[in-house]
Amino acid sequence: MGRLEAYGELEKIYAELERELTVLRPLCRQSGRCCKFKEYGHQLWTTRIELDYLVDRAGPPARGADGVCPYLQGGLCGVRDHRMLGCRIYFCDASYESAMGPLYEKYHRKVKELHARHGISYEYGELLKLLSGGPGAVSFGSAC
């Protein structure tokens, strides 16, 4: 199976999550808090296939501000249709907070299984470190 088939399965996982979020109805205030990692004290972790999919669909990111998602543009996500699982699940809505962890675990397991089904090395790391050029970093322009 090729990478395009894996991307198709990933899109189905994202669609399934979206249906579940539609029922839960968490509120997004479009504050950009989810993308300002350093300022709000959180990190975005992702898998190899998700990052490859994002870069394949949206291109490599421009150099962003320190501790901020490089895909943040004008206070909004510049890659909304291709964003990773962590981005799709994170909401600042306090009434939804207890659902985030279990929901992430459920869908992360599906993404991890996708790696195995397609023979793609499972890698899981913090987004900014993966993009920084350090160990496990993304090589743009080459198949990972």
- request: Starting from segment 30-48, keep only residues that are under 27 Å from residue 110 (Cα atoms), then list their pairs with residues that are of a type in the set (D, E, K, R) whose Cβ atoms are within a distance under 6 Å, requiring at least 6 positions of separation or different chains.
  value: 43/126; 45/126; 48/123
- request: Within segment 63-83, identify whether any single residue is in contact with a strand residue (DSSP E or B) (Cβ under 8 Å, 6 or more places away or on another chain), under 23 Å from residue 9 (Cβ atoms) and of a type outside the set (Ser, Thr, Tyr), and answer yes or no.
  value: yes
Qualifying position, being of a type in the set (A, V, I, L, M) and part of a helix (DSSP H, G or I), among 4, 27: 4
Residue satisfying condition, being closer than 16 Å to residue 127 by Cβ and small (Gly, Ala, Ser), within set 78, 101, 8: 78
- prompt: Which residue pairs have Cβ atoms closer than 6 Å, lie 6 or more positions apart in sequence or on different chains, and pair a first residue in segment 65-84 that is on the phi > 0 side of the Ramachandran plot with a second residue that is assigned to a loop (DSSP other than H, G, I, E, B)?
  reply: 75/32
Close pairs (8 angstrom Cβ cut-off, 6 or more residues apart or separate chains): loosely packed, with under 13 Cβ neighbours inside 10 Å in segment 90-113, polar (S, T, N, Q) and not in a helix (DSSP H, G or I) anywhere: none
message: Let me spell it out: the conditions are (1) at pLDDT 95 or above; (2) more than 15 Å from residue 87 (Cα to Cα), and residue 50 meets all of them except one. Which number is the exception?
response: (2)
Matching residues in segment 90-106 - criterion: being closer than 14 Å to residue 27 by Cα and at pLDDT 95 or above: none
Given (1) exposed (fewer than 14 other Cβ atoms within 10 Å of the Cβ); (2) closer than 24 Å to residue 129 by Cβ; (3) of a type in the set (Lys, Arg), index of the condition residue 83 fails: (1)
- request: Only residues in segment 12-24 that are under 19 Å from residue 98 (Cα atoms) count as the first member; pair them with residues that are aromatic (Phe, Trp, Tyr), Cβ under 7 angstrom, at least 6 apart or cross-chain, and list the lot.
  value: 17/107; 24/96
query: Among (1) out of contact with any Phe, Trp or Tyr (no Cβ under 8 Å at 6 or more places or on another chain); (2) in a helix (DSSP H, G or I), where does residue 88 come up short?
result: (1)
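The values are calculated or read from the model by the stated rules, or taken from the named source; none is laboratory data. Predicted model only: the values in this text are computed from it and were never measured. A quick note on method: Cβ atoms are made from the backbone with ideal geometry, for glycine too, and the neighbour counts reach across all protein chains shown.
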